[in-house]
1. Scan (1) touching a residue at least 40 places away in the same chain (Cβ under 8 Å); (2) out of contact with any Lys or Arg (no Cβ under 7 Å at 6 or more places or on another chain) for the single condition GLU2 breaks and write down its number.
2. State all residues of the stretch 62-85 that are of a type in the set (S, T, N, Q) and open to solvent by 10 Å² or more (accessible area, probe 1.4 Å); if no residue qualifies, say none.
3. Under 7 Å between Cβ atoms, which residue pairs at least 6 apart in sequence (or on different chains) link something in the stretch 99-116 that is touching a residue at least 12 places away in the same chain (Cβ under 8 Å) and surrounded by 17 or more Cβ atoms within 10 Å (Cβ to Cβ) with a partner that is β-branched (Val, Ile, Thr) and assigned to a loop (DSSP other than H, G, I, E, B)?
4. Residues that are over 12 Å from the mean Cα position of the chain (by Cα): list the strands (runs of 3 or more DSSP E) wholly contained in the stretch 1-115 that include at least 3 such residues.
5. Within the set of pairs 6+ apart or on separate chains, which have a first residue in the stretch 72-92 that is closer than 15 Å to GLY110 by Cβ, a second that is open to solvent by 30 Å² or more (accessible area, probe 1.4 Å), and C-beta atoms under 6 Å apart?
6. Within the stretch 9-31, track down each residue that is under 17 Å from ARG92 (Cα atoms), touching an Asp or Glu at 6+ places or on another chain (Cβ under 6 Å) and open to solvent by 50 Å² or more (accessible area, probe 1.4 Å).
7. Could you check how many residues of the stretch 32-56 are open to solvent by 10 Å² or more (accessible area, probe 1.4 Å), out of contact with any strand residue (DSSP E or B) (no Cβ under 7 Å at 6 or more places or on another chain) and not hydroxyl-bearing (Ser, Thr, Tyr)?
Amino acid sequence: MELTLGSHYVYHCRYHIVLPTKYRRKIFNDGTFSFFKKCVEIICKRYPQIEILEINHDRDHIHMLISVAPSISVGNVVRIIKTNTSRQMRERYAFLEKTYFRHDGIWSDGYFVSTAGIDETIIKKYIEQQGQKDLGRLKVVW
């Protein structure tokens, strides 16, 4: 298990997020997904509290496994990703302006989120080992 050290905390906060397109329109292919992925990489550079661990797509939705620092809510992360990628993709791909004429963005209002954290056995082991392991710097693998 990998832990991340923040300024005053150590965390392991992982989430599975699914972002469906508005009206479930099939807008993703290899090219549009590649551009979306680059947009998300830029977002992660701007927001170091967000780390994309895995990302993939189907024609009408995106799956992501992300790590988020406790200082930022999952809802804010989704808002940041949706807002930035929608604007950039509409500017880049003219067909999206036609597909979503008079609509604010390319994303459905809703999204799916599920925790992908550690289980009870690992938490018990962590508590039992208090004082025995030095967390060291930044990332620690157990």
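1. Of everything listed in (1) touching a residue at least 40 places away in the same chain (Cβ under 8 Å); (2) out of contact with any Lys or Arg (no Cβ under 7 Å at 6 or more places or on another chain), GLU2 misses just condition (2).
2. SER71, SER73, ASN76, THR83, ASN84
3. Partner pairs satisfying both residue conditions: THR99/ILE27; TYR100/ILE106; ILE106/ILE27.
4. Filter on the stretch 1-115 gives 2-5.
5. VAL74/TYR15; VAL74/VAL113; VAL78/TYR111
6. Across the stretch 9-31, the qualifying residue is only LYS26.
7. 7
The values are calculated or read from the model by the stated rules, or taken from the named source; none is laboratory data. Keep in mind the model is a prediction, meaning the values are calculated, not measured. Quick reminder, even Gly has a Cβ in these numbers, built from the backbone with ideal geometry, and neighbours come from all protein chains shown. Each accessible area value is taken on the protein alone, full model and side chains, heavy atoms only, with ligands, DNA and RNA left out. Shrake-Rupley method; radii C 1.70, N 1.55, O 1.52, S 1.80 Å.
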